[in-house]
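Peer 1: Structure provided below as structure tokens; questions to follow.
Taken together, the values in this text are just the output of simple stated rules run on the coordinates, not laboratory data. Just so we're clear, the structure is a prediction, and the values are computed from it rather than from any experiment. FYI the Cβ positions are ideal-geometry reconstructions off the backbone, even for glycines, and counts take in every protein chain you see.
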Amino acid sequence: MAANGKYELKLGAATREAFGNALLELGKENPNVVVCDADLAKSTFTHLFQKSFPERFFSCGIAEANMVSIGAGLAASGKIAFVASFSAFVLNKGFEQLRVTVAYPKVNLKVVGTHSGISIGEDGPSQMSVEDIGLACSLAGFTVISPADEVSCFALVKAAAYLDSPVFIRAGRVKVATIYTADQNFEIGKSIQLTDGKDLTIIAHGMMVAEALKAVDVLAAEGIAVRVIDMHTIKPVDRDAIAKAAAETGAIVVTEEHFTATGLGVRVAQVVAETNPCVMEFHGMGDFYAESGTPEQVLTKFHMNAEAVAATARRAMKRKK
Amino acid sequence: MQKTSNVRELEQICQKVRRHIVTMITEAKSGHPGGSLSAVEIVTTLFFDVLRHDPANPTWAERDRFILSKGHAAPVLYSVMAECGYTPVETLNSLRTIDSIYQGHPDRRFIPSLEASTGSLGVGLSLGLGMAEAARLDKSPTRVYVVLGDGEIQEGQIWEAAMYGAFHKVDNILAIVDDNLIQLDGWVKDIMALDPLADKWRAFGWHVIEANGNDVTAVQKAYAEAAATKGKPSVFLAHTIKGKGVSFMENNPKFHGMAPTKEECALALKEIG
């Protein structure tokens, strides 16, 4: 039986929609939750919150820098404040404000970037966020989360709301495979091992978790037993799980819909170097930008799929021998 | 602390604050005297007459909020907060030295009663609007005061905030522009002119108050007019003199970011009295 036999990977909702649903539920259970948006409420799904709680929704217009600092002011006054936009906009246009009005004074703001990665498709590179994890991780004291599916996104957004620290949550535009069932427990900072295997570990975040699970089958047929880890919290990264995987499988592949130079991969490599050095390979976006097309065309052209993950794993296995 | 509306008493506090500013920057051998001295009446009158605050209870939820968005003028804020009793007066001269609570720019990690850590220009008005919105949501009487530099409002984020404040009719905020006409590289009019400044704010939907920002009575009047203005945000264009109170620093771009020598300090203290 295939290693991932227990995961049907049926297409579910986009993580941005799960984020919107989680916000709505947070709004119902806590009058202290407020939301700021920059003219993308329909795209980020904050419109669900806006419709139910208009007095707690702050429309900032197309002005992300201002939105981040307004959110910081609300948070500094004791609100559980969320600011949301496309990841490319809130992180890049709001970075200075995230640094000086949120990270440095340790303000408890929740930042959500939707439409991350290249899977947005048609809109092209100006809207594609392939550096957000690197930027968010470079903000001192930030917790950085990249959920793989709608179940984990819903749970992690709710958990982030009650965390007393600034948080960045990365969400995607397109519908993604559902991995988890409703009874799954999620803890910020604690990764989830989805399959076990002795030969190699694939560590992934976001939509690449499902692709990693698909690659497990392909590799199993070739006699390679793969452990898959969903590293939904990129900062603080789950050091124990990484050190254990390095020691027990001797090879690690990291896959992500992000620049490999600044994403999860380099953070995993740091832990591996500090604990149990082993063979590592990195899969993701190289030092270039993608282009327009349907999400499927773009993901195929830029090798963001199970086949490419499997090919990377084979490279790692060759080096391991 | 003892609050007062008495002009003579406020002027005496201003004199003390000016002495602190000159002394602490001289001791530190670096800092920004010009823009600290220009804002003395603005900040002193706020803390000693206008702000609803309590140094003994700095986390009082319904307190007014003060943000020094032009964070390089930290010495004026430190001096006034110390005189209020938030922080020790005795250690003001440790400004900019290692382990001092008086960091180069205001830092909440060292002085938790600061409402914001500032120093990177352009962010304070947005922060203040967020605090003002939180207060309105809580039906709190809190008012928010944000001091901006005139050079600072060349930053685009200020105008994003200006749009927001008027559109959302945030009337529990007052932006105060310390309009001292000089920025680091020289006169504002030669670097990136702001004229017509009052018209710009009016066009953005703000109630504009213009007055002499180095005159305590005029400053008191401006604050009262702002508090009485409902339905729109207010901005106080405070016409000030950079380096006010020390003749050789007044209107001298050199003293935007340069510390006086010991000799200059002695001269300055003699002038201030």
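Peer 1: Could you let me know the centre-to-centre spacing of the range A:50-93 and the range B:188-234, using Cα atoms, in angstrom?
Peer 2: Computed from Cα coordinates, the inter-centre distance equals 27 Å.
Peer 1: What shape does the range A:38-197 have by the C-alpha gyration tensor, where a ≥ b ≥ c are the square roots of the eigenvalues, rounded means a/c under 1.5, and otherwise prolate means a/b greater than b/c and oblate the rest?
Peer 2: rounded
Peer 1: Past 32 Å, Cα to Cα, is the threshold; run A:Lys175/A:Lys321; A:Lys51/A:Lys214; A:Lys42/A:Lys301; A:Lys106/A:Lys175 against it and keep the listed order.
Peer 2: Checking Cα-Cα distances, A:Lys175/A:Lys321; A:Lys51/A:Lys214; A:Lys106/A:Lys175 exceed 32 Å.
Peer 1: Angle between the Cα long axis of helix B:7-28 and the longest principal axis of chain B, 0 to 90 degrees, nearest 10?
Peer 2: Roughly 60 degrees between the two axes.
Peer 1: When we measure straight from the Cα of A:Lys158, which lysines land under 16 angstrom away, once same-chain ones fewer than 8 places off are left out?
Peer 2: Qualifying lysines at Cα under 16 Å: A:Lys28, A:Lys79, A:Lys110, A:Lys190.
Peer 1: Further question: Calculate I(q)/I(0) for the range A:131-241 by the Debye formula, one identical point scatterer on each C-alpha and no solvent, and give its log10 at q = 0.14, 0.17, 0.19 Å⁻¹ to two decimals.
Peer 2: Each listed q maps to, in turn, -0.56, -0.81, -0.98.
Peer 1: Determine the percent antiparallel among the DSSP beta bridges restricted to chain A, to the nearest 5.
Peer 2: That works out to approximately 20 percent antiparallel.
Peer 1: Then there is this: Report, to the nearest 10°, how far helix A:64-76 tilts away from the longest principal axis of the Cα atoms in chain A, using its own Cα long axis and a range of 0 to 90°.
Peer 2: 80 degrees
Peer 1: Summing -39500 (n - 2.57) over the DSSP H runs of n ≥ 4 in chain A and dividing by its residue number, what mean residue ellipticity at 222 nm do you reach, to the nearest 500 deg cm²/dmol?
Peer 2: Using -39500 (n - 2.57) per qualifying helix, the result is -11500 deg cm²/dmol.
Peer 1: Let's see if you can work this out: charge +1 on each Lys and Arg Cβ, -1 on each Asp and Glu Cβ, no other charges. What is the dipole magnitude of the protein assembly as shown about its Cα centre, in debye to the nearest 20?
Peer 2: Approximately 580 debye in magnitude.
Peer 1: Can you give the angle from 0 to 90° between the axis of helix A:264-274 and the longest principal axis of chain A, with both taken from C-alpha atoms, to the nearest 10?
Peer 2: It is inclined by approximately 60 degrees.
Peer 1: Separate question: Roughly how compact is the range B:137-273, stated as its Cα Rg over 2.2 N^0.38 Å to two decimals?
Peer 2: Rg over 2.2 N^0.38 Å, computed on Cα atoms: 1.18.
Peer 1: Given a Förster radius of 35 Å and the C-beta distance between A:Asp287 and B:Ala193 as r, what FRET efficiency does 1/(1 + (r/R0)^6) yield to the nearest 0.05?
Peer 2: Computed FRET efficiency for A:Asp287 and B:Ala193 comes out at 0.25.
Peer 1: Two decimals, Cα atoms only, Kirkwood Rh: what is Rg/Rh over the range A:113-172?
Peer 2: The Rg/Rh ratio comes out at 1.00.
Peer 1: Taking every eigenvalue of the Cα gyration tensor of the range B:28-153, multiplying by 5 and rooting it, what semi-axes result, largest first, whole Å?
Peer 2: Computed over the range B:28-153, the values are 23, 17, 13 Å.
Peer 1: At a temperature of 4 °C and a viscosity of 1.567 mPa s, determine how fast chain A diffuses translationally according to Stokes-Einstein, using the Kirkwood radius over alpha-carbon pairs as Rh; express D in µm²/s, rounded to the nearest whole number.
Peer 2: Estimated via Stokes-Einstein, D reaches 67 µm²/s.
Peer 1: Mind giving me the nanometre distance, one decimal, between the label points for A:Ala243 and A:Asn92, set 7 Å out from Cα along Cα→Cβ?
Peer 2: With each label point 7 Å from Cα toward Cβ, the separation is 3.8 nm.
Peer 1: Another question, if that's okay. Leaving out same-chain residues fewer than 8 places away, which lysines sit with a Cα under 27 Å from that of B:Lys16?
Peer 2: B:Lys3, B:Lys29, B:Lys70, B:Lys221, B:Lys242, B:Lys244, B:Lys254, B:Lys262, B:Lys270
Peer 1: Under the Karplus relation 6.51 cos²θ - 1.76 cosθ + 1.60, θ = phi - 60°, what is the ordered set of whole-Hz ³J(HN,Hα) values for the range B:86-92, x standing for Gly and Pro?
Peer 2: 5, 9, x, 6, 4, 9, 3
Peer 1: Check the straight Cα-Cα distances from B:Lys169 and name the aspartates and glutamates below 13 Å, setting aside those fewer than 8 residues away within the same chain.
Peer 2: B:Glu133
Peer 1: As an exercise, take the mean of 1/r over every pair of distinct alpha carbons in the range A:183-321, invert it, and state the Kirkwood radius in angstroms.
Peer 2: It is 14.9 Å.
Peer 1: I would also like to ask the following. Hey, what number do you get for chain B at 222 nm if only DSSP H runs of n ≥ 4 count, each worth -39500 (n - 2.57), divided across all residues, to the nearest 500?
Peer 2: About -11500 deg cm²/dmol.
Peer 1: OK, next. Grab every C-alpha pair in the range B:7-272, bin the distances at 10 angstrom width from 0 up to the longest one, and report whole percents.
Peer 2: Reading the bins upward from 0: 7, 33, 38, 19, 3, 0.
Peer 1: Under the rule of at least 5 residues apart or a separate chain, name every residue whose amide H is placed under 5 Å from the amide H of B:Gly119.
Peer 2: The list, which skips near neighbours in sequence, is B:Gly71.
Peer 1: A further question on this structure: State, to one decimal in nm, how far the label point of A:Ala311 lies from the label point of B:Lys169, with both points 7 Å from Cα in the Cβ direction.
Peer 2: 6.0 nm
Peer 1: For the range A:201-207, what does the Karplus curve 6.51 cos²θ - 1.76 cosθ + 1.60, with θ = phi - 60°, yield as ³J(HN,Hα) per residue in whole Hz, taken in order and with x for Gly and Pro?
Peer 2: So the J values, rounded to whole Hz, are 10, 10, 10, 9, 9, x, 5.
Peer 1: Here's something else I'd like to know. Quick one: the Cα spread of the protein assembly as shown along its three principal axes, in angstroms, biggest first?
Peer 2: If we take the Cα atoms of the protein assembly as shown, the spans are 89, 50, 45 Å.
Peer 1: Show the residues, 5+ positions off or on another chain, whose built amide H is closer than 5 Å to the amide H of A:Leu194.
Peer 2: A:Val228, A:Ile229, A:Asp230
Peer 1: Sorted from largest down, give the three principal axis spans of the alpha carbons of the range B:20-66, whole angstrom values.
Peer 2: Principal-axis extents of the Cα atoms in the range B:20-66, largest first: 38, 18, 13 Å.
Peer 1: Let me ask you something else. Any idea what Rg and Dmax come out to for the range A:213-272 if you just take the C-alpha atoms, in Å?
Peer 2: 12.1, 35
Peer 1: Also, I was wondering about something else. Considering only DSSP beta bridges where both residues belong to the range A:15-170, give the percentage that are antiparallel (nearest 5).
Peer 2: Here the antiparallel bridges make up roughly 5 percent for the range A:15-170.
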